[in-house]
Amino acid sequence: MNEASYVADYEDLADMSLPDIARSEKVVIFASGLTDTRMIVKFLTDRGTPFRVIEMGMGSSRSRVDFRRLCEMTNWHLLPQIFVDGTFVGGVDELFEYWGSE
C-alpha cells in the first residue's frame, strides 16, 4: 500500500468524533469490509493525494449507531462516503466529479 494511504478500523478510533475522523486526512473514505475501494485508492494514489480508508464494520452496536449518525450527518445512506478536507462530497462518482471541477 502507498505510504500516502492507510486503512483504519473504525473501532480503533473510538476517542474521535465522526467530524474529527472526516477531517483527519485530505481525503477520508468511510467504507465497509465489503466496499470495493480499489478504484478510489488507485485514483488517489496516482494523484499522490493523502487519504485514509475507515472500515466501518457492522459487527458492534457502536458501529451500527455511528453508521446511522454518519448517514444523518451526510444524508447519504450508502458506502463509501467520501470527505475531502472534512467536507462530504458523496460517493465514487461524486469524488471524480469533484476533482474534475478543481
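Kindly list the number of the only condition in (1) surrounded by fewer than 20 Cβ atoms within 10 Å (Cβ to Cβ); (2) in contact with a helix residue (DSSP H, G or I) (Cβ under 6 Å, 6 or more places away or on another chain) that fails for Met56.
Result: Met56 fails condition (1) only.
Consider Phe43 against the criteria (1) surrounded by 16 or more Cβ atoms within 10 Å (Cβ to Cβ); (2) in contact (Cβ under 8 Å) with a residue 24 or more places away in the chain; (3) farther than 16 Å from Phe96 by Cα; (4) not basic (Lys, Arg): it satisfies all of them except one. Which criterion is unmet?
(3) is the only condition that Phe43 fails.
All but one of (1) modelled with pLDDT under 90; (2) surrounded by 11 or more Cβ atoms within 10 Å (Cβ to Cβ) hold for Leu34; which doesn't?
Only one criterion in (1) modelled with pLDDT under 90; (2) surrounded by 11 or more Cβ atoms within 10 Å (Cβ to Cβ) is unmet by Leu34, namely (2).
In the range 26-48, what residues are out of contact with any Ser or Thr (no Cβ under 9 Å at 6 or more places or on another chain), part of a loop (DSSP other than H, G, I, E, B) and closer than 17 Å to Gln81 by Cα?
Within the range 26-48, Ser32, Gly33, Leu34, Thr35, Asp36, Thr37 qualify.
Can you tell me how many residues in the range 59-89 are touching a helix residue (DSSP H, G or I) at 6+ places or on another chain (Cβ under 8 Å) and either assigned to a helix (DSSP H, G or I) or small (Gly, Ala, Ser) (or both)?
8
Report, by residue number, each residue of the range 69-87 that is under 12 Å from the mean Cα position of the chain (by Cα), in contact (Cβ under 8 Å) with a residue 40 or more places away in the chain and closer than 17 Å to Glu55 by Cβ.
Leu70, Leu79, Pro80, Gln81, Ile82, Phe83
The values are calculated or read from the model by the stated rules, or taken from the named source; none is laboratory data. Everything numeric in this text was worked out from a predicted model, so none of it was measured. Reconstructed Cβ throughout: ideal geometry from the backbone, glycine too, with neighbour counts over all protein chains shown.
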